[in-house]
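Data block below; observations after.
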Amino acid sequence: MQTESSARKLDGKATAKAIHQEVAKGCAELQENHGVRPGLTVVLVGEDPASQIYVRNKEKSATEVGMKSEALRLPADTSEAEILDTVRRLNDDPSVHGILVQLPLPEGVDSQKVIETIAPEKDVDGFHPYNTGRLLTGLPGLVSCTPFGIIELLKRYEVPMSGKHAVVIGRSNIVGKPLAVLLLRENCTVTICHSRTQDLPGIASSADILLAAIGRPAMITREYIKPGAVVVDVGIHRVEDEATCRELFGDNERRLRAVQKRGATLVGDVHPQHMLERASAYTPVPGGVGPLTIALLLQNTLQAARESVGAAS
Ligand code: GUN
């Protein structure tokens with residue numbers, strides 16, 4: 001059976017589209033008023049298939065909103081010193097306002113050292129300790145795109161946050177930690193859970209807003225979800241066999257066809273049917289958190305370009 005649900009869909013795809021349009025307008029204005037075209041350079045080292053797709057999408061989206069968009073593709077055996085030199089060259093290039101080094105980097109390269117070499121004012125990923133420190137302190141700066149996108153989505157759908165209990169499952173530097181800080185900034189009461197947390201279902205099911213960023217397919221089942229909770233699913237995983245597809249999506253024909261014809265459908269960290277059964281509002285996978293990451297990357301790049309000419313909004 002497919003679950004009937006009255007839960008409200010928080011449409012990340014539509015929200016991302018709106019943000020793309022706002023950024024395109026902002027780029028045109030910056031060009032007109034200051035003669036500056038925002039520039040984003042993405043650095044990809046090696047041939048990781050998922051990273052190649054992400055980088056292509058970032059490059060294409062930046063072009064579509066009117067940015068100068070460039071992807072530097074370096075061979076997998078590029079040395080750490082060469083990567084650092086590339087980053088330093090981009091730091092010195094005034095036509096580049098945003099630098100993103102796609103992670104993961106090949107083994108043997110110190111990612112943290114690479115991140116810390118990016119000029120903080122061009123760190124559109126918001127990973128540099130200067131920016132993470134400013135975030136923690138409540139100062140303006142560049143904020144990590146996925147968590148920033150989630151907060152933007154919740155705000156645009158007017159999900160009440162002040163005073164609510166937000167439970168973040170996952171403590172990565174990219175998502176969990178900055179997301180917790182941003183929720184705190186919205187006056188949520190925040191709990192961060194992780195793989196060593198005792199009684200995870202007990203804590204998760206006390207959340208008014210449950211945010212899952214654990215990287216395990218459909219792990220969050222109904223006992224983790226309070227009836228009426230707002231559920232944000234950051235995970236994205238391939239489901240390649242029909243039996244698992246049926247277990248997760250019931251008789252959903254579209255999902256089954258995707259597995260049969262395209263070899264896979266996508267699922268998040270939250271069990272999709274259980275989520276629909278319990279949540280009052282939720283982000284779908286795909287079309288929820290995913291599209292927002294690139295949208296906020298573009299917004300960060302526009303912000304960096306504005307600040308470079310003293311035109312920050
Ligand atoms: N790899 C997976 N997600 C990200 C991201 O948001 N930024 C970068 N630089 N690499 C990633």
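Listing for the model above:
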| read-out | value |
| --- | --- |
| Of residues in the stretch 131-152 being away from the ligand (no atom under 16 Å from the Cβ) and in a helix (DSSP H, G or I), the one most open to solvent (accessible area, probe 1.4 Å) | L136 |
| Residue match in the stretch 100-113 (condition: in contact (Cβ under 8 Å) with a residue 12 or more places away in the chain, surrounded by 17 or more Cβ atoms within 10 Å (Cβ to Cβ), in contact with a Phe, Trp or Tyr (Cβ under 7 Å, 6 or more places away or on another chain) and not hydrophobic (A, V, I, L, M, F, W, C)) | yes |
| Check on N33, modelled with pLDDT of 95 or more, exposed (fewer than 14 other Cβ atoms within 10 Å of the Cβ) and away from the ligand (no atom under 12 Å from the Cβ) | yes |
| Total residues in the stretch 198-233, condition β-branched (V, I, T) and either surrounded by fewer than 16 Cβ atoms within 10 Å (Cβ to Cβ) or at pLDDT below 95 (or both) | 1 |
| Residue in the stretch 109-121 that is within 16 Å of the ligand (Cβ to nearest atom), closer than 21 Å to L298 by Cα, in a loop (DSSP other than H, G, I, E, B) and not acidic (D, E) present | yes |
| Residue check, G288 within 16 Å of the ligand (Cβ to nearest atom) and either in contact (Cβ under 8 Å) with a residue 24 or more places away in the chain or not hydrophobic (A, V, I, L, M, F, W, C) (or both) | yes |
| Some residue of the stretch 190-211 being within 28 Å of R255 (Cα to Cα), under 21 Å from the mean Cα position of the chain (by Cα) and assigned to a loop (DSSP other than H, G, I, E, B) | no |
| Neighbours by Cβ (under 6 Å, 6+ apart or cross-chain): first from the stretch 196-209, within 14 Å of V231 (Cβ to Cβ); second acidic (D, E) and open to solvent by less than 50 Å² (accessible area, probe 1.4 Å) | none |
| Check on V230, closer than 30 Å to G66 by Cβ and touching a residue at least 60 places away in the same chain (Cβ under 8 Å) | no |
| Looking only at the stretch 153-179, and only at residues there that are over 14 Å from the mean Cα position of the chain (by Cα) and not in a loop (DSSP other than H, G, I, E, B), the one that is surrounded by the fewest Cβ atoms within 10 Å (Cβ to Cβ) | K155 |
| Tabulated pairs, the stretch 137-161, first of a type in the set (S, T, Y), second within 12 Å of the ligand (Cβ to nearest atom) and part of a helix (DSSP H, G or I), C-beta under 6 angstrom, 6+ apart or interchain | S144/P178; T146/T293 |
| Residue in the stretch 238-263 that is farthest from R216 (Cα to Cα), counting only those that are surrounded by 15 or more Cβ atoms within 10 Å (Cβ to Cβ) and in contact with a strand residue (DSSP E or B) (Cβ under 7 Å, 6 or more places away or on another chain) | A258 |
| Residue within the stretch 43-57 that is modelled with pLDDT of 95 or more, touching a Phe, Trp or Tyr at 6+ places or on another chain (Cβ under 7 Å), among the hydrophobic types (A, V, I, L, M, F, W, C) and over 14 Å from V101 (Cβ atoms) present | no |
| One residue from A311, A295, A305, A281 being touching a residue at least 60 places away in the same chain (Cβ under 8 Å), open to solvent by less than 10 Å² (accessible area, probe 1.4 Å) and more than 24 Å from L154 (Cβ to Cβ) | A305 |
| Residue within the stretch 4-17 that is under 30 Å from L210 (Cβ atoms), out of contact with any Lys or Arg (no Cβ under 8 Å at 6 or more places or on another chain), of a type in the set (S, T, N, Q) and open to solvent by 40 Å² or more (accessible area, probe 1.4 Å) present | yes |
| Filter result (within 16 Å of the ligand (Cβ to nearest atom) and of a type in the set (D, E, K, R)) within the stretch 85-107 | E107 |
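The values are calculated or read from the model by the stated rules, or taken from the named source; none is laboratory data. Since we're looking at a predicted model, the values are computed, not measured. Virtual Cβ from ideal backbone geometry, glycine too; neighbours counted across all protein chains shown. Side chains are part of the model used for accessible areas, which takes the heavy atoms of the whole protein and leaves out ligands, DNA and RNA. Shrake-Rupley method; radii C 1.70, N 1.55, O 1.52, S 1.80 Å.
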